[in-house]
Amino acid sequence: MTITHDPSRTDGAAKPEPVVEEKLVVCSSCDAFCPAVAKVVDGQVTKVSASQNPIFNRSICLKGVYAPKSFAHPDRVLHPLRRVGERGSGQWEQVSWDEAMDDIARRLGDVVERYGPEALAVATSQWNTSVENGSGRRFMNLLGTPNWISGVALCAGNTAAVNRIVYGWFPWADYANTNCIVLFGHNPKRHSWTPHYRNIVAAQKRGAKLIVLDPRRSESAERADLWLPLRAGTDAAMCLGWLNVIIAEGLYDRDFVARWTVGFDDLAQRVAEYPLERVSEITGVEPDLIAEAARTYATTHPAVIPWTPITDQQVSSTSAIRLHCTLRAITGNLDVPGGDVFHPFHDDIVIETDLEMHEALPRSQKMKQLGCDAHPVFTYRGMEPLEEATQQVWGRRYANLVTGCYMAVPSAVFRAMAHGEPYPVKAFFSLANNTVMGFANMQLIYRGLMNQDLVVVHEHMMTPTAQLADYVLPGDSWLERPALQDGFGWVKIVAPSDQAMTPPGECRSVFAFWVDLARRMGLGEHFPWATLEDMLDHRLAPTGHTWESFRDTYQVRIPQMRYRKYEKRGFATPSGKVELRSSVLEGFGFDPLPYWRAAPQPDDEYPLAIFTGYREDEYFQTGQRHVPELRRRRPEPLLFVHPDDAAAAGVAHGDWAMVETRHGRCAGLVDTQAPIPPGLVRIPHGWWKPETPAGRDTLSSAWMLSDALLVGDTADFVDREQGIPHLKGIPCRVRPLDAAASFGVQEAREPAAGMQEAPQQPAPVSV
């Protein structure tokens, strides 16, 4: 939708008046996707501001406000670049799109012919999929490779898959109607997960209670009615304690449990193993406070436990996520107004799951998906037992919610890239995904990238991953293309995002990349759309709208919600009920009941615990470090350390220091003023410095600053069912930064003895 304020005109000899327009857009500077307004002057976006539509609570953050500066940066990649020196040498030549795509198609064809289609792996990002429109997975499924990975393996996508195993879908918190909100470590703020923050504040204003579980006294903890400062990585134990109280005191919905769950008696026996004294010993929270929080949640109806990235990233992640599901279900808060609600498939637009053509990938190829043997949960193998029930309840065999239900396991992909086990991966595409820094074990990822026959990166800036590529292709931005934000199959809300300006240089969308490559690889008949607008016309055809008419009619399209949908067709699980005892996990040889498992603890050599992944207001993941206004606000990565721990380590507030684990090390500035408990070190995610020297030896300071260097994927530090890494409570130590300390490519050598990477086969399950 466009609003034109001033038409171009001349007045005698005066200069023409500028053409000023407003375009309604959806900000994609992070994964919150806030509707916004772009001010366009003579074809260039000069300002992004919050939508004044009251539905959206005027949500906008720093990252959205400074997006025009980000995309106008003089170092933005504007033309296709081809490597001409050794990989990582920093030597490039500009080529045409046709030259680049011809060579990429030829070299990919050679890899497929020699190693098979599964030798291609692709990493992309959640916010990038809003413009892919299923084209990436469509290409891969038609080609024959299941090896797609994404950061959602550590954040929401894995949660979606685990939720499906329990009750067949992934619910969304109904903040607008709830009376109680429980945040497990999640800390939405004014400039971070902004819509969630505003929804929580609005709920509190009308009387909703807020319970926060977080080791530190976060901003959300400051506003909470109850704050439980649990130890990092003990979420599952805390949930078992809550369930102990709720079941022992009869605070559960007996009718729902009797009619709609299986395994309740077995669950009750398991939670009886976690009396409050034991849970208090594990979590560090007083028994009375645990009981009070459990009672408050169970008796304050309706209540929500929103998704949280914290529980996604622990050695007991699968169990902890299942326990969130269990709490929602047995307290009567599932798919009810003000509770955690199921948004079904969109019924009148073509959904991305269908566009991805999962049915085109033969089962034999699905079972080659890397990591699916040892850690099946979010892979094709893990989701296969749900297909018939998903068809019966939701009308389709495949449900790729949040794009996280049919992924390869990232660490298994990187091992195949580096070592060729269980088979070689020799071509790797990284699309709007700074892969080398985006997952655990950066050292392994580097080795994998250096062992490829073909690496293609589609990006805005010369990221550390792009510095290791064979081709860097210039990507467009969310201000430079039309898009349809459809909630990733998670939320049944559709919002169009208008194209506010023309992409600079030769920047193109990732959708155009996939269509172009498909035609060169003989798959063109399956990609009949000439433009992104053609694809959007196709997706919106069931509504009776074209892209243009839909864009001009709606700023957002919100469906009428129906509740307790399970009463009509049951739950999309093998039993048709909420599986408190999981038949799916039992079928794979895992414990069918949730449990808590301790990760390795601090010791004399590594006396502290590190909590990685702190999200700063100014940045999202590894992005935006090149924006001057944001860097002035947060110029360096901060290590949050308790004053007593800092003194013991010989460092002071404002000093540069080094954090070390048994796997790796990184540096940052010590901050002893943040609210951090003794024994815990909290560090930010995704630091590199675009202004510093590039190339494999430095990776623009990523070898010195990236938190991905600290985290390994040994068996002790991965969730058994998913294979995702433990990021919340790794033993570490803090040391002064020696002026002679060297950081660089030597950090990525093969692991030392005793530091073997995660095994291919699952470890025995124990409680």
Inset, instruction - Can you tell me which residue within the stretch 152-178, out of those that are farther than 17 Å from Glu721 by Cα and in contact with a Gly (Cβ under 6 Å, 6 or more places away or on another chain), is most open to solvent (accessible area, probe 1.4 Å)? - result: Asn177
Inset, instruction - Would you be able to say whether some residue in the stretch 290-311 is open to solvent by less than 10 Å² (accessible area, probe 1.4 Å), in contact (Cβ under 8 Å) with a residue 12 or more places away in the chain, of a type in the set (Asp, Glu) and not in a loop (DSSP other than H, G, I, E, B)? - result: no
Inset, instruction - Of the conditions (1) surrounded by fewer than 20 Cβ atoms within 10 Å (Cβ to Cβ); (2) closer than 30 Å to Ala203 by Cα; (3) among the hydrophobic types (A, V, I, L, M, F, W, C); (4) touching a strand residue (DSSP E or B) at 6+ places or on another chain (Cβ under 6 Å), Ile181 clears all except one; give me its number. - result: (1)
Inset, instruction - Sort out which residues of the stretch 269-287 are surrounded by 16 or more Cβ atoms within 10 Å (Cβ to Cβ) and farther than 19 Å from Arg231 by Cβ, and write them in order of number. - result: Arg270, Val271
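Rundown of residues vs (1) among the basic types (Lys, Arg); (2) in contact with a strand residue (DSSP E or B) (Cβ under 8 Å, 6 or more places away or on another chain); (3) within 30 Å of Leu699 (Cα to Cα); (4) without any contact (Cβ under 8 Å) to a residue 24 or more places away in the chain, yes/no style:
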{"residue": "Leu479", "(1), (2), (3), (4)": "no, yes, yes, no"}
{"residue": "Trp490", "(1), (2), (3), (4)": "no, yes, no, no"}
{"residue": "Ser497", "(1), (2), (3), (4)": "no, yes, no, no"}
{"residue": "Met501", "(1), (2), (3), (4)": "no, yes, no, no"}
{"residue": "Met521", "(1), (2), (3), (4)": "no, no, no, no"}
{"residue": "Glu533", "(1), (2), (3), (4)": "no, no, no, no"}
{"residue": "His538", "(1), (2), (3), (4)": "no, no, no, no"}
{"residue": "Ala541", "(1), (2), (3), (4)": "no, no, no, no"}
{"residue": "Ser549", "(1), (2), (3), (4)": "no, no, no, yes"}
Inset, instruction - Output the residue which, of all residues in the stretch 565-614 that are part of a helix (DSSP H, G or I) and of a type in the set (A, V, I, L, M), is surrounded by the most Cβ atoms within 10 Å (Cβ to Cβ). - result: Leu585
Inset, instruction - Would you check which residues across the stretch 422-473 are among the acidic types (Asp, Glu) and either open to solvent by less than 10 Å² (accessible area, probe 1.4 Å) or within 20 Å of the chain's Cα centre (by Cα) (or both) and list them? - result: Glu459, Asp470
Inset, instruction - Spot the failing condition for Arg539; the list is (1) open to solvent by less than 20 Å² (accessible area, probe 1.4 Å); (2) part of a loop (DSSP other than H, G, I, E, B); (3) among the basic types (Lys, Arg), and only one is missed. - result: (2)
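Quick check on the stretch 101-111. Is at least one of its residues in contact with a strand residue (DSSP E or B) (Cβ under 8 Å, 6 or more places away or on another chain), of a type in the set (Gly, Ala, Ser) and either surrounded by 15 or more Cβ atoms within 10 Å (Cβ to Cβ) or modelled with pLDDT of 90 or more (or both)?
We begin by selecting, within the stretch 101-111, every residue in contact with a strand residue (DSSP E or B) (Cβ under 8 Å, 6 or more places away or on another chain); these are 103-104, 107-108, 111.
Then keep just the ones that are of a type in the set (Gly, Ala, Ser); that gives none.
No.
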Inset, instruction - Give, as residue ranges, the helices (runs of 4 or more DSSP H) completely inside the stretch 217-266 that count at least 2 residues that are under 28 Å from Lys568 (Cβ atoms) and open to solvent by 30 Å² or more (accessible area, probe 1.4 Å). - result: 254-260
Inset, instruction - Select, from Ser28, Ser70, Ser51, Ser59, the only residue that is in contact with a Phe, Trp or Tyr (Cβ under 6 Å, 6 or more places away or on another chain) and either under 19 Å from Asp476 (Cβ atoms) or surrounded by 21 or more Cβ atoms within 10 Å (Cβ to Cβ) (or both). - result: Ser28
Inset, instruction - Go through (1) modelled with pLDDT of 95 or more; (2) hydrophobic (A, V, I, L, M, F, W, C); (3) part of a loop (DSSP other than H, G, I, E, B) one by one and return the number of the condition Trp703 breaks. - result: (3)
Inset, instruction - Mind telling me which of the residues Thr698, Thr692 ends up being over 15 Å from Met658 (Cβ atoms), without any contact (Cβ under 8 Å) to a residue 12 or more places away in the chain and part of a loop (DSSP other than H, G, I, E, B)? - result: Thr692
Legend entry - Residues that are open to solvent by 10 Å² or more (accessible area, probe 1.4 Å), in contact (Cβ under 8 Å) with a residue 24 or more places away in the chain and farther than 19 Å from Thr692 by Cβ, drawn from the stretch 634-647: Phe640, His642, Pro643, Asp644, Asp645
Legend entry - Among (1) open to solvent by 30 Å² or more (accessible area, probe 1.4 Å); (2) among the polar types (S, T, N, Q); (3) more than 30 Å from Pro337 (Cα to Cα) - the single one Gln560 does not satisfy: (3)
Inset, instruction - Spot the failing condition for Phe488; the list is (1) modelled with pLDDT of 95 or more; (2) at positive phi; (3) part of a helix (DSSP H, G or I), and only one is missed. - result: (1)
Legend entry - Residue, farthest from Leu484 (Cα to Cα), within the stretch 546-560, restricted to residues that are part of a loop (DSSP other than H, G, I, E, B) and in contact with a helix residue (DSSP H, G or I) (Cβ under 7 Å, 6 or more places away or on another chain): Thr546
Inset, instruction - Collect the residues in the stretch 359-387 that are open to solvent by 40 Å² or more (accessible area, probe 1.4 Å) and charged (D, E, K, R), keeping them in residue-number order. - result: Glu359, Arg363, Lys368, Asp373, Arg381, Glu384
Inset, instruction - Quick one: in the stretch 720-735, of everything that is closer than 17 Å to Asp603 by Cα and basic (Lys, Arg), which residue is farthest from the chain's Cα centre (by Cα)? - result: Arg735
Inset, instruction - Inspect the stretch 129-151 for any residue being out of contact with any strand residue (DSSP E or B) (no Cβ under 7 Å at 6 or more places or on another chain), open to solvent by less than 10 Å² (accessible area, probe 1.4 Å) and closer than 23 Å to Tyr563 by Cβ and give the result as yes or no. - result: no
Inset, instruction - Could you list all residues from the stretch 616-662 that are within 22 Å of Asp604 (Cβ to Cβ) and out of contact with any strand residue (DSSP E or B) (no Cβ under 8 Å at 6 or more places or on another chain)? - result: Pro643, Asp644, Ala647, Ala648
Inset, instruction - Output the residue which, of all residues in the stretch 316-344 that are of a type in the set (Val, Ile, Thr) and touching a His at 6+ places or on another chain (Cβ under 9 Å), is farthest from Glu586 (Cα to Cα). - result: Val336
Inset, instruction - Name the residue, out of Val510, Val491, that is within 30 Å of Trp172 (Cβ to Cβ), of a type in the set (A, V, I, L, M) and out of contact with any Ser or Thr (no Cβ under 8 Å at 6 or more places or on another chain). - result: Val491
Inset, instruction - Considering only the stretch 646-697, state which residues are closer than 30 Å to Ala715 by Cβ, in contact with a Pro (Cβ under 6 Å, 6 or more places away or on another chain) and of a type outside the set (A, V, I, L, M). - result: Gly668, Pro677, Pro684, Trp687, Trp688
Inset, instruction - Name the single residue, out of those in the stretch 175-209 being of a type in the set (Ser, Thr, Tyr) and within 17 Å of Arg58 (Cα to Cα), that is nearest to the chain's Cα centre (by Cα). - result: Ser192
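The values are calculated or read from the model by the stated rules, or taken from the named source; none is laboratory data. None of the values given here were measured: they were computed from a predicted structure. Note that we place each Cβ from the backbone using ideal geometry, even for glycine, and neighbour counts take in every protein chain shown. Quick note on the areas: whole protein, heavy atoms, side chains included, nothing else; ligands and nucleic acids left out. Shrake-Rupley method; radii C 1.70, N 1.55, O 1.52, S 1.80 Å.
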